[in-house]
Amino acid sequence: MVKKALITGITGQDGSYLAEFLLDKGYEVYGIRRAASTFNSGRIDHIYKDPHERGSRFFLIYGDLTDSSSISRIIREVKPDEIYHLGAQSHVRTSFDIPEYTGNVTGLGTLRILEAVRRAGLKTRFYQASSSEMFGKVKTPMQNEETPFHPRSPYACAKVYAFWLTVNYRESYGIFAANGILFNHESPRRGENFVTRKITRAIANIKLGRQRYLYLGNLDAKRDWGYAPDYVEAMWMMLQQDKPVDLVIATGETHSVREFLEEAFSYAGLDWKKYVRIDPKYYRPAEVDLLCGDASKARRILGWKPRVTFRQLVRIMVDADMKAAKSNTERGD
């Protein structure tokens, strides 16, 4: 019997890679998308044109994480075997500007899904996309499943709320609900307002003479950066276990924004110091200085480990943005 998976955040980086992964596993995939005045489906449009007809098992449904009635309706109609809850207002800096909206979508959106599953009486397995940002102001060089949370942004606070809701519904109602505490993971599909993609797009535009400077904030922030397709596989693996368990997914290496700059610009044959300017508006009111994940538990339970190194990741992203920029230039965009 064909399994059904429901994905929130289907049009995002992780949602698009996860959809491809599950379709290749033989799933029917249903994605929730918001009704908006502009289309935001560029990351998934190619699925409909897939030569192996993956598109025939791929469905988009209008819904909104702020609307419990639409969430309940979708879950009752689809009756998914697995739910991957990736949808959120996920930009940390933006969450300081719209904290209430961030809490409504990122925090209460999780509650609406879990409550809909409970009320429907389904045996659905639920994956919550938790974040390393929950650790925030860390007191240890590496963070694992036992590390206390100290969130430093409205986004991180909302994710902590969603994390404990997932635990609570698991313990209170016996729902198969698991938190994947994913550290930063990037790809050519990363949103253009995230620092890694902002860097690689700027490099492509600078090389083509379409941009002079790149404006950034804190270059000393250190993150554990992995490759998004590796991480969506871990999500799926977590829902295939006999029992739900919360796991850190990370590379165990940390690199600063400055190191990402150096690696990316050097690969493109440029000196980053000639092009990068610091703009205070990109600083956060409360910064997270260091995040580095200990994924030894995930290695032990899932057998998961990252395949793509930091250097490979940077080069994949630079190459992709160079190719896209050249293609746009040839088309006259």
- [ ] Leaving ligands, DNA and RNA out of it, report the carbon-plus-sulfur percent of the accessible area of the chain at a 1.4 Å probe.
- [x] 48
Task: Rounded accessible area per residue of the stretch 62-106, 1.4 Å, Å² - done: 44
TODO: Give the long-range amide H neighbours of residue 145: residues separated by 5 or more places, or on another chain, with amide H under 5 Å away, using H modelled in the peptide plane at 1.01 Å from N.
DONE: 248
TODO: Grab the Cα-Cα distance for residue 192 and residue 307, subtract it from 0.36 nm times how many residues apart they are, and report the gain in nm with one decimal.
DONE: 39.0 nm
Task: Radius of gyration and Dmax over the Cα atoms of the stretch 55-169, both given in Å - done: 15.3, 49
Task: Choice from 296, 56, 172 with maximal GNM fluctuation in the chain (Cα, 10 Å cutoff) - done: 172
TODO: Using only alpha carbon positions, build the gyration tensor of the stretch 90-154, then give the equivalent ellipsoid semi-axes as the square roots of 5 times its eigenvalues, largest first, whole angstrom.
DONE: 26, 18, 7
Task: Approximate spin-label separation residue 324-residue 3, in nm, with each point projected 7 Å along Cα-to-Cβ - done: 3.0
- [ ] Quick one: compute the contact order of the stretch 71-196, relative version, from alpha carbon pairs under 8 angstrom and 6+ residues apart, as a percent.
- [x] 30
TODO: Mind running the shape call on the stretch 157-250? Use the C-alpha gyration tensor, a ≥ b ≥ c as the square roots of the eigenvalues: rounded below 1.5 for a/c, prolate if a/b tops b/c, oblate otherwise.
DONE: prolate
Task: Long pairs among 25/79; 4/198; 139/297; 79/297, criterion Cα-Cα beyond 23 Å - done: 4/198; 79/297
TODO: Note down the relative contact order for the stretch 178-273 as a percent, whole number, built from C-alpha pairs under 8 angstrom at least six residues apart.
DONE: 40
Task: HN-Hα J in Hz across the stretch 241-247 - Karplus 6.51, -1.76, 1.60, θ = phi - 60°, x for Gly and Pro - done: 6, 5, 10, x, 8, 8, 9
Open item on the list: Running a GNM on the chain with Cα contacts under 10 Å, which residue among 115, 100, 77 ends up with the highest mean-square fluctuation?
Closed with: 77
- [ ] With a probe of 1.4 Å, find how much accessible area the stretch 134-224 has per residue, and write the answer as a whole number in Å².
- [x] 43
TODO: Roll a 1.4 Å probe over the protein heavy atoms and report the accessible area of residue 278 in Å², nearest 10.
DONE: 90
- [ ] Quick one: among 72, 16, 132, which has the greatest mean-square fluctuation in a GNM of the chain with alpha-carbon springs under 10 angstrom?
- [x] 72
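The values are calculated or read from the model by the stated rules, or taken from the named source; none is laboratory data. Quantities reported herein were computed from a predicted structural model and do not represent experimental measurements. Neighbour counts are summed over all protein chains in view; Cβ atoms, including those assigned to glycine, are modelled from backbone coordinates with ideal geometry. Protein only, heavy atoms only, side chains kept; ligands, DNA and RNA dropped before computing areas. Shrake-Rupley method; radii C 1.70, N 1.55, O 1.52, S 1.80 Å.
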